[in-house]
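**Student:** Take a look at this one; I'll ask things after.
The values are calculated or read from the model by the stated rules, or taken from the named source; none is laboratory data. The structure displayed is predicted, hence computed values, not measured ones. Quick reminder, even Gly has a Cβ in these numbers, built from the backbone with ideal geometry, and neighbours come from all protein chains shown.
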Amino acid sequence: MKKTLLSLAALTLLASGAQARTWEAIKQSGTIKIATEGAFPPFNILKGKQLTGFEVELAEALAKQLGLKVQWVTQPFDNLLIGLQQDRYDFVIASHGITPERAKAVDFANPHYCTGGAIVSKVGGPKTAADLKGKTVAVQVGTTYLENVRKVAGVKDVKTFPKDTDAQAALMAGRVDAWVGDKFTGLDLVKAQKGKLVAGDLLFSERIGMAVKKGNAGLLKELNAALAKAMSNGTYAKLSTKYFGTDVRCK
Ligand code: ARG
């Protein structure tokens, strides 16, 4: 947590520094560089050498609409916004919740889905915020799950993991009492573990957005326009149904 807060604070300080690629430069090059984690199913996941998931397919659809080829970059979640600052890619799509703190460091596009942080535990385990009292909880580092679990009174210990899937594994191995993560991921997890896990309450809700370097207004405008188009021409609905069986756009 401390490390994450520090790096975000440093990022805010740097936010007025070097130049990001402008929309014109991106368009002229013909290729947009997009970063994600590749370890956050069903949103962004590396399957063998193939990057896929709802956000990967959505970003590719947006790039296509913008007439651009895609060059993907994968980074650990906690490094993604920092790499944006260092101009290593043009935008990030990795399920970042739009928070006031992050919005000081980067600019967010309009949300591409709405979700929440949910509690999952083994059958008989904690299901509500009140149940978490005296319990140990696993979360991915640098996430809004960590931030929000810390606000729950009486939690005994919050264990952080570099990857969300590692936090899930800790729950399965019985090393923690609960996992807090995305509610859609949680549903998939409960389903995959047939009868062993239960989905508990939502701890909080969040709007998820793509991030561009602070001040890159030209690119932001194009991304928002492409997203709006995907949302109105059926592209978004099709992808959302494929991955979630429902439309996950913010209402
Ligand atoms: N929605 C959460 C957040 O904003 C988790 C995002 C995790 N994304 C990932 N690619 N692992 O912090």
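Let's see how each residue does on (1) hydroxyl-bearing (Ser, Thr, Tyr); (2) farther than 22 Å from GLY142 by Cα; (3) surrounded by fewer than 17 Cβ atoms within 10 Å (Cβ to Cβ):
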| site | (1), (2), (3) |
| --- | --- |
| GLN50 | no, yes, yes |
| GLY53 | no, no, no |
| ALA63 | no, yes, no |
| PHE77 | no, no, no |
| LEU81 | no, no, no |
| GLN86 | no, no, yes |
| ASP90 | no, no, no |
| ALA94 | no, no, no |
| VAL106 | no, no, no |
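**Student:** Now for a separate question. Is there any pair linking a residue in the range 21-33 that is within 14 Å of VAL212 (Cβ to Cβ) to one that is part of a loop (DSSP other than H, G, I, E, B) and of a type in the set (Asp, Glu), with Cβ under 8 Å and at least six apart or on different chains, and which?
**Tutor:** Listed pairs, sorted by first residue: ARG21/ASP87; ARG21/ASP90; ILE26/ASP90; ILE32/ASP90; LYS33/ASP90.
**Student:** For a quick check of your reading of the model, give me the residue pairs whose first member lies in the range 143-159 and is hydroxyl-bearing (Ser, Thr, Tyr), whose second is within 13 Å of the ligand (Cβ to nearest atom) and not in a helix (DSSP H, G or I), with beta-carbon atoms closer than 7 Å and at least 6 apart or on different chains.
**Tutor:** THR144/GLY97; THR144/THR99; THR144/GLY117; THR144/GLU206; TYR145/GLY117; TYR145/VAL139; TYR145/VAL180; TYR145/GLY181
**Student:** While we're looking at this one, here's another question. Go through (1) touching a residue at least 60 places away in the same chain (Cβ under 8 Å); (2) outside any helix (DSSP H, G or I) and name the single condition VAL176 misses.
**Tutor:** Looking at each condition in turn, VAL176 falls short on (1).
**Student:** Within the range 129-179, take every residue that is away from the ligand (no atom under 15 Å from the Cβ) and acidic (Asp, Glu) and give me the one that is farthest from the chain's Cα centre (by Cα).
**Tutor:** Of all residues in the range 129-179, those away from the ligand (no atom under 15 Å from the Cβ) come to 129-136, 152-157, 159, 170-178.
Those left that are additionally acidic (Asp, Glu): 131, 157, 177.
Values: ASP131: 26, ASP157: 23, ASP177: 23 Å.
Per the stated criteria, the residue is ASP131.
**Student:** Restricting the first residue to the range 37-54 and requiring it to be at pLDDT 95 or above, which pairs with a second residue that is part of a strand (DSSP E or B) and acidic (Asp, Glu) meet a Cβ separation below 9 Å and a spacing of at least six or different chains?
**Tutor:** PHE40/ASP182; PHE43/ASP182
**Student:** Is one or more of the residues making up the range 117-130 surrounded by 20 or more Cβ atoms within 10 Å (Cβ to Cβ), under 24 Å from LEU46 (Cα atoms), in contact (Cβ under 8 Å) with a residue 40 or more places away in the chain and out of contact with any Leu (no Cβ under 7 Å at 6 or more places or on another chain)?
**Tutor:** No, every residue in the range 117-130 fails to be surrounded by 20 or more Cβ atoms within 10 Å (Cβ to Cβ), under 24 Å from LEU46 (Cα atoms), in contact (Cβ under 8 Å) with a residue 40 or more places away in the chain and out of contact with any Leu (no Cβ under 7 Å at 6 or more places or on another chain).
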